[in-house]
Amino acid sequence: MQTVDLANTPLRELNTALQAQAVTTNQTQWEVLNPKGAHAIAVGLDAPIEVTVNGSTGYYCAGMNKQATINVTGSAGPGVAENMMSGTVVIEGDASQYAGATGHGGLLVIKGNASSRCGISMKGIDIVVFGNIGHMSAFMAQSGNLVVLGDAGDALGDSLYEARLFVRGSVKSLGSDCIEKEMRPEHLEILRDLLERSGADARPEEFKRYGSARKLYNFHVDHAGAY
Amino acid sequence: MCGIVGLFLKKEELRPKLGELLTDMLITMTDRGPDSAGIAIYGDDGLLKITVQSDTPDTTFAGLDTALTAALEGPVTMRVTDTHAVLTLPEGTETLARAFMAEKGIRVMGAGHSMEIFKEVGLPRDVAARFNLRAMSGSHGIGHTRMATESAVTTLGAHPFSTGADQCLVHNGSLSNHNQMRRVLAEKGFAPQTQNDTEVAACYISSRLAEGAHLGEALEGTLRDLDGFFTFVVGTKNGFGVVRDPIACKPAVMAETEDYVAFGSEYRALANLPGIETARVWEPEPATVYFWER
């Protein structure tokens with residue numbers, strides 16, 4: 001176990017060390033102490049290592065992650081796991097705005113609540129939130145899965161492309177072009193796998209699925225007069 | 001981008017530490033606002049007092065108390081701290097004192113019975129040191145680190161803004177209907193003194209409170225009447241309030257323990273508060289008013 005205490009180690013030194021790990025490294029277990037809300041902790045990793053951050057983080061924790069598993073024992077600030085490519089990020093507490101934004105792959109698990117714009121413009125990432133999510137979540141989400149065990153705020157899935165949204169609780173309102181869709185066996189299978197991998201205590205049958213009505217995809221000739 | 005910090009103490013014993021706690025919080029928010037910094041601090045409810053500022057304190061403040069004693073025909077005391085001076089006044093003389101200051105070209109930062117305001121251009125660390133904020137005590141306080149967007153980097157453009165007795169407001173964001181609101185407020189007798197958009201929000205709150213609104217109602221009104229991006233933190237003699245616009249892109253974190261309620265633009269500002277490990281920490285909801293009063 002490698003332990004880095006941010007009370008006496010500069011953040012840049014921590015990130016340089018983490019980013020320098022080769023795919024074959026034998027330093028696979030890392031612990032970060034005293035994060036105290038610092039920005040950009042454990043960003044840009046590209047090795048199958050496991051990093052545990054003991055406490056709460058600020059902006060952009062675990063951004064651009066590839067392969068690594070990053071656990072935050074507290075809460076995460078805005079933009080956690082932004083643009084993640086692969087790997088796993090687990091937040092034990094809450095996550096602030098735009099968690100998992102633009103993520104291309106990997107799994108982001110938030111065990112508390114996520115605030116506004118969760119999964120905005122997601123492009124293949126899977127996000128599982130045990131609590132609630134805030135307004136404008138999955139805005140322009142392109143692909144991947146967003147699973148919410150609690151409730152969703154206003155304008156869920158506004159201008160949605162092909163991401164799948166699964167919500168167990170209530171949805172305050174659906175955004176433009178987002179509709180409830182039929183839950184088919186393949187969706188239950190995707191959901192079962194995500195719930196299992198994230199350790200969520202919920203059954204796939206309890207969820208509703210939301211997706212794109214695909215009405216914004218093409219220019220509508222009926223509207224030509226408006227221009 | 002700007003930084004906001006606020007601390008509302010629930011226990012008497014912590015009062016001597018208010019300045020120290022708030023100063024550390026303020027300095028942590030330097031990279032959100034290195035242009036200017038300011039703090040409004042609420043002490044005991046005592047004599048009427050007015051906080052004034054001058055860029056030439058040595059000459060301007062020399063003999064100011066004596067001159068004001070004569071003008072107001074009553075006892076005036078003065079405490080000078082760097083570019084600011086806090087003057088205690090005979091009850092009922094605030095209007096006269098303001099007229100006196102205006103004539104002498106001295107800027108009034110705020111007035112009331114418990115609040116003092118200190119704000120200047122410069123790094124938060126330097127501003128805090130100049131005013132010896134660390135040594136201040138009180139029941140609650142609000143601080144701001146500014147990265148200017150809507151008006152110039154000047155002392156008067158720094159936050160907090162005070163537009164009513166013992167009232168102050170700080171802001172992260174920018175308002176888009178402040179020119180329209182300026183006219184509305186001027187008609188009500190709450191004309192902003194600067195070109196700053198935040199002062200318009202402060203005047204709005206003051207006008208609503210003057211009309212008899214409760215702090216919660218006044219904050220609620222900002223959601224209806226002010227357009228733009230905002231996270232506001234507001235102080236009154238007995239209260240402390242927070243409201244964010246419905247889009248809520250300006251960050252905010254709050255923490256509450258048995259000892260205090262704390263606000264920070266980021267968790268970093270709260271990370272060293274006593275008992276933060278076990279505090280209830282949450283992000284204030286959009287378009288939702290939070291306030292505490294004693």
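If packing is taken as the mean number of other Cβ atoms within 10 Å per residue, what is the order of B:211-220, B:257-266, highest first? Numbers along the way, then the final one.
On the way: B:211-220: 16.4, B:257-266: 21.5.
Top of the packing list down: B:257-266, B:211-220.
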Original post:
Ordered by residue, what ³J(HN,Hα) values in Hz, to whole numbers, does region B:242-250 give under the Karplus form 6.51 cos²θ - 1.76 cosθ + 1.60, where θ = phi - 60° and Gly and Pro are x?
Top reply: 9, 8, 10, 5, x, 6, 6, 8, 8
Original post:
What fraction of the DSSP beta bridges in chain A is antiparallel, stated in percent and rounded to the nearest 5?
Top reply: 15 percent
**OP:** Grab the DSSP H runs of chain B that are 4 residues or longer, score each as -39,500 (n - 2.57), total them, divide by all residues and round the 222 nm result to the nearest 500 deg cm²/dmol.
**Re:** -7500 deg cm²/dmol
Subject >> Sequence-distant lysines (8 or more away, or on other chains) whose Cα lies within less than 17 Å of A:LYS215 >> reply: A:LYS181
Original post:
If the cut-off is a Cα-Cα distance under 14 Å, which aspartates and glutamates reach B:LYS188, setting aside same-chain residues fewer than 8 apart in sequence?
Top reply: B:GLU211
Original post:
Given only helices, namely DSSP H runs of n ≥ 4 each adding -39500 (n - 2.57), what is the per-residue ellipticity at 222 nm of chain A, to the nearest 500 deg cm²/dmol?
Top reply: -3000 deg cm²/dmol
Original post:
For region B:26-32, what does the Karplus curve 6.51 cos²θ - 1.76 cosθ + 1.60, with θ = phi - 60°, yield as ³J(HN,Hα) per residue in whole Hz, taken in order and with x for Gly and Pro?
Top reply: 4, 5, 4, 8, 4, 6, 8
Subject >> Potential extension, B:GLU73-B:ASP55 segment - 0.36 nm per residue separation minus Cα distance >> reply: 3.8 nm
Original post:
When the Cα centres of region B:171-188 and region B:100-138 are compared, how far apart do they sit, in Å?
Top reply: 24 Å
Original post:
How far is it, in nm, from the label point at B:THR194 to the one at B:GLU217 when both lie 7 Å from their Cα along the line to the Cβ?
Top reply: 3.0 nm
Subject >> Förster radius 56 Å - calculated FRET efficiency between A:GLU186 and B:LYS17, Cβ distance, rounded to 0.05 >> reply: 0.40
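When DSSP assigns beta bridges and you keep just the ones with both residues in the protein assembly as shown, what percent turn out antiparallel, to the nearest 5?
So the antiparallel bridges amount to about 65 percent of the total.
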Original post:
Which ³J(HN,Hα) values, rounded to whole Hz and listed in residue order, are derived for region B:218-232 from phi using the Karplus coefficients 6.51, -1.76 and 1.60 in 6.51 cos²θ - 1.76 cosθ + 1.60 with θ = phi - 60°, glycine and proline given as x?
Top reply: 5, 5, 4, x, 4, 5, 8, 9, 10, 10, x, 9, 7, 10, 9
**OP:** Quick one: which residues, 5+ away or cross-chain, put their amide H under 5 Å from the amide H of A:VAL148? H built at 1.01 Å from N.
**Re:** A:VAL129, A:PHE166, A:VAL167, A:ARG168
Subject >> Straight-distance crosslink candidates among lysines, where the alpha carbon sits under 29 Å from B:LYS10 and sequence neighbours closer than 8 are dropped >> reply: A:LYS36, B:LYS49, B:LYS119, B:LYS237, B:LYS250
Original post:
Label points 7 Å out from Cα along the Cβ direction at B:ARG183 and A:LYS172: separation in nm?
Top reply: 3.3 nm
Original post:
In debye to the nearest 20, how big a dipole does the protein assembly as shown give about its Cα centre with +1 on each Lys and Arg Cβ and -1 on each Asp and Glu Cβ?
Top reply: 500 debye
Subject >> Dipole-positive endmost among B:PHE8, A:MET183, B:THR145 within the protein assembly as shown (Cβ charges, Cα centre) >> reply: A:MET183
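Since every read-out is calculated from the coordinates, none of them should be taken as a lab result. No experiment lies behind these values; they were computed from the predicted model shown. Here Cβ is always computed from backbone atoms with ideal geometry, including for glycine, and neighbour counts include all displayed protein chains.
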